[in-house]
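Enquirer: Quick one: this structure, given as structure tokens, is what I'll be asking you about.
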Amino acid sequence: MKPDTLRLILGDQLNRQHSWFKKKDANILYVLMELRQETDYVRHHIQKLTGFFAAMRAFAVELKKQGHHVLYSALDAASNTGILSRNLSDLIDRYQIKRFEYILPDEYRLDKQLREFCQSLNIATAAVESEHFLSSREAVADHFHGKKQFVMESFYRLMRKRYNILMEGTAPRGGHWNYDVENRNRYDGSPSIPAPRLFDNDIVAIKKVLNKMKVRTMGETEDKLLWPINRHQSLDLLSHFVEHGLPYFGTFQDAMTHNEWSLFHSRLSFSLNSKMLHPLEVIQAAVDALERKQHKISLAQVEGFVRQILGWREYMRGVYWALMPEFANMNFFHHMQTLPHFYWDGRTKMNCMHQVIRQSLEKAYAHHIQRLMVTGNFALLAGIHPDEVDAWYLGVYIDAIEWVEITNTRGMSQYADGGIIATKPYVSSANYIHKMSDYCQHCIYDKNKKVGEHACPFNSLYWHFYARHRDKLARHPRVGLMYKTWDRMAESVKNEIISQAKYYLENIEKL
Ligand SMILES: Cc1cc2nc3c(=O)[nH]c(=O)nc-3n(C[C@H](O)[C@H](O)[C@H](O)COP(=O)(O)OP(=O)(O)OC[C@H]3O[C@@H](n4cnc5c(N)ncnc54)[C@H](O)[C@@H]3O)c2cc1C
Ligand code: SF4
């Protein structure tokens with residue numbers, strides 16, 4: 001039978017539990033496509049491209065096995081123009097489709113493209129929910145209506161109550177909403193870090209296609225991909241995390257250490273963002289482990305983890321829809337510098353930056369504090385244009401999709417929104433990096449020096465940042481104190497620090 005309805009599945013919509021797939025219908029043609037417009041809108045990590053394509057291919061095979069009618073267009077297929085709307089038009093003509101349906105995309109860019117495409121059609125069209133998120137696109141805009149700052153904590157509490165997660169009636173379980181005071185320790189070698197659960201997915205064929213099509217990528221990969229590419233593997237990663245990572249998740253959430261790339265983190269972001277896993281099942285798995293008193297997991301660990309998904313993840317998605325498209329052009333500090341070369345190859349003498357960038361290029365992964373307090377911190381201190389910072393983060397990480405990348409990068413990390421998301425700019429000197437890692441112990445720079453030979457660049461750049469943005473930050477209630485400290489320094493000391501920072505900024509490529 002010839003299908004009369006075309007249903008589009010985008011690469012980050014691999015949600016096997018979606019109601020679309022509940023029943024088989026020969027009238028429906030499901031379409032997945034590898035698109036040049038997607039491989040090229042930013043320079044992606046090779047593991048990100050191979051990961052998404054491998055997961056899409058696996059999803060198409062699964063749907064076919066279930067008896068659905070599926071058309072999969074590989075990047076090098078002769079009929080694939082590389083442009084979503086053109087491919088869709090061709091298919092609609094070829095199959096004489098009478099109805100076009102799509103799942104609401106999470107990216108503004110694709111949302112716009114598909115809305116415009118539908119307007120150009122003279123057949124029936126419909127957009128359906130992704131059935132993935134726990135709050136609507138409008139939830140954050142509604143919750144913070146009329147407010148200048150969107151404080152995540154208040155949204156998180158609302159979500160806890162709405163989903164009755166870690167609640168005792170109307171009160172938070174254990175009496176506190178947040179257990180951060182018990183969390184966020186430095187890691188000093190004990191307990192031992194669990195070996196990360198890695199997969200062995202063959203990506204040789206996809207790599208060949210990317211090569212043949214001359215797609216520009218960054219980063220490195222083996223012929224086997226370590227990331228999960230289907231629901232089965234994603235569930236496996238989830239149970240591995242609950243057993244081995246969750247017992248210490250909160251305690252070492254912010255810790256960084258040499259040669260260990262994922263510590264006690266879940267590495268579930270790719271499975272979540274591609275929708276192979278549903279956020280509620282991930283949250284439930286953590287809460288269940290607490291209920292069963294399994295693996296000696298404490299409330300502080302579970303609450304810390306739940307907050308990331310029920311709080312931060314939903315919140316960032318809502319912020320995205322509340323503030324796009326204007327958000328993508330915000331540049332509160334008018335930062336204009338270009339991203340130094342070492343973001344692309346890791347060749348820098350600053351050990352913290354070298355470690356985090358090398359790891360990102362090797363694994364397409366860095367955990368939150370590595371992203372925020374090392375690479376993000378440096379970019380903000382050095383005054384890099386947020387467009388350049390965004391492009392790097394959007395390309396380099398396996399989990400990078402604009403709705404969650406740009407809010408974290410431009411908002412939380414670069415403060416380019418002037419403080420809608422972050423309550424203060426996330427900048428630090430070597431102090432914080434030393435407190436949370438062992439990077440400084442192996443660095444040519446001296447963490448204790450602000451000026452002179454081998455002075456840590458973070459130290460002078462930190463004060464330079466505050467000094468150059470005094471007009472914007474001096475009245476900020478959470479950073480005003482910094483200016484008191486700065487003003488107490490002798491003029492000669494201040495001048496020396498500023499000269500050191502200027503020297504480093506002028507010679508940034510040599511750091
Ligand atoms: C500059 C910067 C850029 C970032 N870019 C992305 C991105 O492109 N994609 C992305 O998914 N996350 C991004 N994050 C948030 C966070 O760093 C990653 O979600 C996390 O490191 C993924 O690793 P994990 O799965 O091991 O997370 P865990 O530490 O195990 O946390 C569990 C889950 O919580 C969610 N989560 C945690 N923190 C956040 C957050 N701040 N915002 C949204 N969700 C969160 C993720 O889904 C994550 O999988 C970024 C953070 C920063 C500071
Ligand atoms: S001394 Fe400075 S540059 Fe070196 S690792 Fe520490 S913070 Fe990074």
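Each reported figure results from applying straightforward, stated rules to the coordinates on display, with no laboratory input. Quantities reported herein were computed from a predicted structural model and do not represent experimental measurements. Glycine also receives a Cβ, built like all others from the backbone with ideal geometry; neighbour counts cover every protein chain displayed.
Enquirer: Do any GluC sites (Glu not before Pro) in the stretch 156-254 lie in a loop, going by DSSP, with at most 15 other beta-carbon atoms within 10 Å of their beta carbon, and if so which?
Expert: Of the GluC sites (Glu not before Pro), the ones in loops of the stretch 156-254 whose Cβ has at most 15 other Cβ atoms within 10 Å are GLU220, GLU222.
Enquirer: Among 479-492, 206-219, 381-394, what's the highest-first ranking by average C-beta atoms within 10 angstrom per residue?
Expert: Result, highest mean first: 381-394, 206-219, 479-492.
Enquirer: Same structure again: Of LYS23/LYS363; LYS65/LYS275; LYS214/LYS510; LYS450/LYS510, which ones are farther than 27 Å apart at the Cα? Working shown, then result.
Expert: Numbers: LYS23/LYS363 38 Å; LYS65/LYS275 19 Å; LYS214/LYS510 31 Å; LYS450/LYS510 18 Å.
Long pairs (Cα-Cα over 27 Å): LYS23/LYS363; LYS214/LYS510.
Enquirer: To continue, here is another question. Would you please put 114-126, 425-437 in order of how densely packed they are, using the mean number of other Cβ atoms within 10 angstrom per residue and starting with the highest?
Expert: Result, highest mean Cβ count within 10 Å first: 425-437, 114-126.
Enquirer: What shape does the stretch 342-510 take by its C-alpha gyration tensor, where a ≥ b ≥ c are the square roots of the eigenvalues and a/c under 1.5 counts as rounded, a/b above b/c as prolate, and the rest as oblate?
Expert: Cα axes put the stretch 342-510 in the oblate bin.
Enquirer: Working out 0.36 nm times the residue gap between ASP76 and LEU280, then minus their Cα-Cα distance, what length gain in nm do you get to one decimal?
Expert: Length gained, ASP76 through LEU280: 69.8 nm.
Enquirer: So, R0 is 56 Å and r is the distance between the beta-carbons of SER190 and LYS112; what FRET efficiency does that work out to, to 0.05?
Expert: 0.65
Enquirer: A further question follows. Once you list every other residue whose beta carbon is under 12 Å from the beta carbon of HIS476, what net charge do they have if Lys and Arg are +1 and Asp and Glu are -1?
Expert: That sum, taken over residues with Cβ under 12 Å, equals +4.
Enquirer: Using Cα centres only, tell me the gap between the stretch 66-84 and the stretch 148-168 in whole Å.
Expert: For the stretch 66-84 versus the stretch 148-168, the Cα centre distance is 41 Å.
Enquirer: Another question about this same structure. Taking a spot 7 Å from the Cα of ASN331 along the direction of its beta carbon, which residues of the stretch 372-388 have an amide N less than 16 Å from it?
Expert: Residues 379-388 fall inside that zone.
Enquirer: What's the center-to-center distance, using Cα atoms, between the stretch 475-493 and the stretch 223-271 in Å?
Expert: Each part's Cα centre sits 40 Å from the other's.
Enquirer: To continue, here is another question. Let me know the shape class of the chain, please: from the alpha-carbon gyration tensor, a ≥ b ≥ c as square roots of the eigenvalues, rounded when a/c is under 1.5, otherwise prolate if a/b is greater than b/c, or oblate.
Expert: Prolate shape, in that a/c is at least 1.5 and a/b is the bigger ratio.
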